[in-house]
1. Given a 1.4 Å probe, how much area per residue of region B:145-244 is accessible, in Å²?
2. For region C:33-141, compute Rg over Rh where Rg is the Cα radius of gyration and Rh is the Kirkwood radius from the inverse mean 1/r over Cα pairs.
3. Can you list the HN-Hα couplings for region A:119-129, worked out from phi with the Karplus curve (6.51, -1.76, 1.60; θ = phi - 60°), rounded to whole Hz and with x for Gly and Pro?
4. Cα atoms only, region C:193-306: Rg and Dmax in Å?
5. Nearest 5 is fine: what % of DSSP beta bridges in chain B come out antiparallel, could you say?
6. Report the far tail of the P(r) of the protein assembly as shown, meaning the percent of Cα-Cα pairs longer than 54 Å.
7. Given region A:1-111 reduced to its alpha-carbon atoms as identical point scatterers, what log10 I(q)/I(0) does the Debye formula return at q = 0.16 Å⁻¹?
8. May I ask for the Kirkwood hydrodynamic radius of region C:85-208, worked out over all distinct Cα pairs and given in angstroms to one decimal?
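The values are calculated or read from the model by the stated rules, or taken from the named source; none is laboratory data. All of these numbers come straight from a predicted model, not from anything done at the bench. With ideal geometry, Cβ positions are generated from the backbone for all residues, glycine too; neighbour counts draw on all protein chains shown. These accessible areas exclude ligands, DNA and RNA; they are computed on the full protein's heavy atoms, side chains included. Shrake-Rupley method; radii C 1.70, N 1.55, O 1.52, S 1.80 Å.
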Amino acid sequence: MDATPASHPILSCKAMTCEMDSVSGPLQILQDINFSLDTRRALGIVGESGAGKSMLIKAIMGIAPRGLRTKGRIELDGQDLSALKPKQRAKLIGRKVGIVFQNPMSSLNPFVQIGRQIEEAGCIHLGMSKAEARSRAIELLSFVGLPDPEDCYNYYPHQFSGGMKQRIMIAAALICQPDLLIADEATTALDVTVQKEVLDLLQTIQAQRQMSMILVSHNLGVVAGRTDEILVLYGGNVVEYGPTSEVFRNPRHRYTEALLSAMPAMDQPAHTRLRTIPGQPPNLANRPAGCPFAPRCPSAQAKCHEVMPAMSAGVHPSHRFACHFPLAEIAHVQ
Amino acid sequence: MSSDIALNDEIILEVRNLSVSFSRGGKEMKAVDDVSFSVAAGETLGLVGESGSGKTTIGRAILRLLPDANTKSEGAVRYKKTYLNTLSSTDMRHMRDRLQMIFQDPLSSFNPRRNVEDIVAEGLVIQGKPASERKSRVEAALSAVGFDLATVAGRKPHQFSGGQCQRIAIARSLAVEPELIVCDEPVASLDVSVQAQVINLLQDIRENRNLALIFISHDLAVVKNVSDRVAVLYMGRIVEIGTGPQIYERPAHPYTRTLLEAVPVVDATRKIEPDGKRTVMPSRNRPQGGCAFRSRCPRATQICAETVPAVTPAPRGQMVACHHPHDEPAPGMAVRTQR
Amino acid sequence: MTDIGNSPAFKPGPNAKLGDIVRHAMPWSSKMKLPGATPFEFLAAIFLVLLVLVALFVDFIPGLVSPKLPYGDFSQLPEWSLNGLFGTDDIGRSIFSRVLYGARTSMMIVAVSTTIALVSGLLLGMLAGYYRGIFERAVDLFANALAAMPSTLVVLAFVAVTGPSVVTIIVVLGIFDIGTYARVAKAGVISQSNRDYVLAARAMGATDSRVLLKEILPNLIPALTAVMPTLMAGLIITEGSLSFLGYGIPAPAPSWGGMIASSTDLLSRFPVLIVGPILAIVLTVYAFNTIGDYLAQRLNNRERES
Ligand SMILES: Nc1ncnc2c1ncn2[C@@H]1O[C@H](COP(=O)(O)OP(=O)(O)OP(=O)(O)O)[C@@H](O)[C@H]1O
Ligand SMILES: Nc1ncnc2c1ncn2[C@@H]1O[C@H](COP(=O)(O)OP(=O)(O)O)[C@@H](O)[C@H]1O
Ligand code: SF4
Ligand code: SF4
Ligand SMILES: [Mg+2]
Ligand SMILES: [Mg+2]
C-alpha cells in the first residue's frame, strides 16, 4: 500500500447521471457529476436536504434503490465499476470501501452482539478465520475508543449511547482495511460535543491508516477544516468543486455564497438579520432549462434561465464552479 | 443576582426551584433539578444543552404538558400573577391562549387529516370564537408568516415543505395572540436556507408584538443569534445563565466552554487538529455526588467531588454553578470569524 | 353472477392480465379506489361488494324462487338454470336461492356484531389508552380473558342454555370481538398521544374529550379498518360452525352452516349438494382475509413513509 507514494485517484466519477421513474414522470436525481478523489485525501460533499448527497453515495456503492438508472463511468481504484459483474463489483466495493450511515440505530441489528456485526464483512470479503476476525474486531473497538473492548464485543447495540454506536459503525467500516471511508451524515444525529469527538476520530483514522475519506453533511461547518476538497451539490448538480479552504474563503457560485451567509455566525451580535434564500429547490421531475438555482438567485439574468452554465475554473485551476455570473475573485492575502 | 433579573423589569414568567422526575421501569430519574429563571415581556431566553439535558422537559413543565402518569414535578411556575402549577385543569385551559408552544418537527405537530386553515384556527375554535372573527384572525396570522389565506386554503400539511410547515405552526400559535411562546428546537429539522427564514420571522414577530420567547436549541450559533439571555443546562441543572455576550465572550463554566469549542464553524483559515478526547457520560439513574460535570471537567478538584456547586454570581455578572469558574475570554471566540 | 367469485372462466395467468380482464369485463369496477391492489385483491373487493348487494336486494332478483318453498327434487342432478344451479336440498328447496338468502343472514350478523364490537371496543380502548392506569388494567384483563376463551365452545354453551335465537348469536359474537378492537384502539391511542399534534392540541387548551374525539379518533380508523375484515371472516366461520351444529340461526331461515348440516345425510349419494354453501363460506372468508391483508399492508406502508 505504501509502495505508491505518488497519489492516484481512488475514486472518480465521470459524467455520472442518475434517473428514476416516479408518478410525476422521470426524476433527474443527479446530473453530470464529475469528480475525482486522490488517495489519502478527504472530500466533503455538502448540500441541502434532497440535493442528492445520499443518492450519489448509494449509486457509487451500488446500493441505490431499485429503479435507479445510473449512467456514466465510476472508477474505484482504477477499475471501471460498470464493466464488472454485480458480484465482483460488490466484492471490490466491500473490500475497498467502508461506509458509516447517519442512523446507527437502523444500521445495527439489535439482536446481534456488536462484535459479530463488526466481523461480518471481514469474514465475507477477506475470508478471515473466526479467531482472526475476533481479534481484529477487538483491536478495532479499542482503536475507535471504546473502553474494555473485550467486554464490549459481547454487548448488544442498546447498551451503547448514540456516539458509541457511531464509533462501533466506524469500527465495522474499518474491518476490511478499506482504502476509502465514507461517512454519510455520520454525526448529524449526535450532540455537538460528541459530534466533535467522532469527527476527530474519523480524521485521526484517515491520517493514521492513510485512507481517503468522503464526509457528507448538510452542515458546512462539519466539513470545514477537516477536508481537502469540497463538492457543493444543488438539485442534483455539482455547482462548485474545489479546495475546501479556497471555496470557503472565496465562494464563486451564488448558491454557495448564499448558503454561507444564511448560516448564523458566532461572531455576529444577537438579533442580526440572516440572509435568506427565498423559494425552493428545483422540482426534479421538471427542471428549469438553465441554471437550477436561477429561480432563487438574486443575480440571475435572462441567460441564466436559458442556458445551463458549464463548470469553469477560476484563477486557482482546481477551483471550479458552474455560474454565468460568478462572484468576484478575491486576491490571496500573503 | 444581576443577570438573572431580566433586561426590563416587567417579568412575565418566573420559574422557581423547578424539579421534574420521571419514573421508568420502577426507577426514578431526575430530568430537571432545581431550576430557576425568569423571562421578561418581549425577551428571548435561550436554553442550550446536549440532548437529554432537560430542555424539552422544562418547556413542557411550564406549559403543563408532561404526562401525568409517570411524572412528578415540584417548584413554582408563575405567569404574571398566576401560579400555573397549582391551577385546576380547567383554569389552566383558560390560560393557554397566552402561553403557546412550537415543536421541533412541524409536520408531526399537525393532525395529518386537517387542512391548513383548520389547523391555524384550532386554538380559536377551542376558545369558542365566532366563525367571522376566526376567519379574519386566521387570515391575519397567516399573513404574518407570509402566506395568503386564499392560496393555501384547503391544502393539507403534507403538501408543504418543512420550512412552510414551521411557518404554519408559528401562525397557529400567533392566532390566539399569546404573550409567551416556548419554541422547542423550531429550526433543528430545517435546512440552513429555510432556517434563516424562520429565525428572521420569529425575530420580526417578537419585535412587532413584544412577545417573550423561550428558545430551546442545541445549536449555539442559532441561540446566539436569537437570544437576549442564555441558560446552559447540564444534566437537568442550569450551570450558567447570563446575557448573550457574557455567555459567549467570557463563559465562566467549563461545560459552556466545552460546548462552544465543539461548535462546527466555517473558517477557511483554520485546519482542525483532532484531539483524542472521549467523554464518558455519567449515569443519570445513579447520580454521583458533587458536581455532575466533574468526570468530564479539566478543572475538577477535590471540592468538586464533595459539594454540589451553588449558583453564584460570576465576576462578569452572569450566574454560574462552579467552584472554579473561568474569568478569561474564551480562546478564539473574539478572533474567530466567519470567513 | 357467481362466476365472478369462482372465476375459472378467467384462467388467471400472469397477474397483470387477470387485472386487465376484470377491469375490461366490469368497467365500473375501476371506480373502486384500491391503490396498489393485486388483481386477486381487486376481485375479492368486487366479490364483497356483490355480496353486500345480494344481501340487500336478494328479494328483487328476477326469477329467483323462494328459499323456503320446495322447488324440485334432490335426486335430480343440478341443471343449468338459475335456481337449479346447485341442486335442491332434502326437502326440495333451491340451494342456489338459499345460498343467496344465506348471504343476507351472514351479512346481517357480520354487520350488527361488528357494530357492537367496534363501538364498545373503541370506547374501552380509547379510555384505556388515554387515561392508562386502572382503565388500562381493566381493559387488558377483559381482552385477555376473551382471547383465552375458545369462542365457539363458549357461545355454544351459552346458546345451549338460552336456546338459539338470532339476537343471542349476534350479541355473543359481538362481545367476543370487543377485546380485539379494544386492543387495537388502545395501541393506536398510546402511539398517537405521544405525537406532537396531540400535545399541540392540548397546548391550545383542548379538553380531553376534544383531543380524543377530534384529534385521535380519526387517526385510529386506518388501523381499525385493517383488522376489521379478518375479524369479519372469523364471524362467518363461527356462525357457520354454530349453525352446522344446530345452535345457530334457527330453521327455516337459510344459513350456510345450516345448509351444510342438512345436506350431510344425503352427502354420500349426492355430494354435489354441499358445493353451494361450502363455496359461499370459503369464498367469503377468503375475500375478507384478502382484503384484510391488503389493508394491513397499506397501513404498514403508510406508517413506514411517515
Ligand atoms: N427511493 C427513492 N425514490 C424516489 N426518489 C428518491 C428516492 N430516494 C431519494 N429520492 C429523491 O432523490 C433526491 C436526492 O435524495 P438524497 O437522499 O440523495 O438527498 P440528500 O442530499 O442525501 O438529502 P438529506 O440531507 O435529506 O439526506 C431527492 O429529491 C429525493 O426525493
Ligand atoms: N415522558 C418521559 N418519560 C420518561 N422519561 C422522560 C420523558 N420525557 C423525557 N424523559 C427523560 O428526561 C430527560 C430529559 O429529557 P428532555 O427534556 O427531552 O431533554 P432535551 O430536550 O434537553 O433533549 C431525558 O433523559 C429523557 O429520556
Ligand atoms: S448562473 Fe445565473 S442564476 Fe445560476 S447562480 Fe450563477 S448568476 Fe445565479
Ligand atoms: S465545579 Fe468543579 S467539576 Fe464542576 S465544573 Fe466547576 S471546576 Fe469543573
Ligand atoms: Mg441523505
Ligand atoms: Mg428535546
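1. Using a 1.4 Å probe on heavy atoms only, each residue of region B:145-244 averages 26 Å².
2. 1.23
3. With coefficients 6.51, -1.76 and 1.60, one gets 5, 2, 4, x, 5, 6, 8, 9, x, 5, 6 Hz.
4. Radius of gyration, then largest Cα-Cα span, for region C:193-306: 22.0, 73 Å.
5. 65 percent
6. Of all Cα-Cα pairs in the protein assembly as shown, 30 percent lie more than 54 Å apart.
7. Relative scattering, expressed as log10 I(q)/I(0), comes to -0.85.
8. 17.2 Å
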